[in-house]
Every structure is written in C-alpha cells, then in structure tokens.
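In what follows, a structure is listed as structure tokens, so that the remarks can point back to it.
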Amino acid sequence: MYGAVVSCQGVIARPVAAGRGTDSAARDPDGAGGRASRWEITTGHSGLGTSGSGDVLSGTIAGLRARGASDAQAACRGTHLHAAAGDRLASRLGSLGYLARELTEELPPLMMELSS
C-alpha cells in the first residue's frame, strides 16, 4: 500500500486503502471512515501554467515535508503557497510572462505572512 498524497489542479487527495492489514489506524489515519481525505485550494492563477512551475510546487512541498510537516500538511500548505505566489505575480506582472524563479522569490514573504 502506498501512502500517497496527490496535489493536482488545486485539489489535494489522500486515498485510504480499505480492507488492507488489520490495524484500522494504518488503513484510515485521519479517521475518515475508509473515505479519502480531500482538500481544495481556491487560490491560484492560470499563469502558473509555465515551465518549471510544477518543479517549484514539488520543491515547496518537499521542503515543507523536510521541515517536519506531515505529507498531507506539506501538500496543502505547499499548494496554497504556490498558488498564492502565482496570484501575487499575476496582479503585479499580468497573467502571462512570469518565470518559475519568480515564484520562488514570492515564497519566503508569503511564509512569513502566513506564520504570523
């Protein structure tokens, strides 16, 4: 069984494998009763569809995971940060034309704002 957390187009899902093993906590760590956990990120801009944007997203999630966040927390927080960075760039630079590296420059200020 894989404990995957998937982030795709603003939806984060954590499937729960029903019927495997004997420990119900292992099958259903969030107490979802055998249902998948699902979260939706409502921020984000179409300008995120640029080369390297997905690399920034996966790196953000991996960095948060390395800092101690759970898989689901890292996926949700990372996806939100990535989307919010895209929103900021779109409002400043327009809907097209920003670079993946510009997304990364937005992440530290966003993290500081969200932590306070």
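The values are calculated or read from the model by the stated rules, or taken from the named source; none is laboratory data. From a predicted model like this one, the values you see are computed outputs, not experimental measurements. We place every Cβ from the backbone using ideal geometry, glycine too, and count neighbours over all the protein chains shown.
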Contact list, first residue from the stretch 58-81 and on the phi > 0 side of the Ramachandran plot, second anywhere and surrounded by fewer than 21 Cβ atoms within 10 Å (Cβ to Cβ) and in a loop (DSSP other than H, G, I, E, B), beta-carbon distance below 9 Å, six or more apart or interchain, is none
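Where in the stretch 1-111 are there strands (runs of 3 or more DSSP E), lying wholly inside it, with at least 3 residues that are at pLDDT below 95, surrounded by 12 or more Cβ atoms within 10 Å (Cβ to Cβ) and not aromatic (F, W, Y)? Give the derivation first.
Details: elements: 6-8, 11-14, 37-40.
Result: 11-14.
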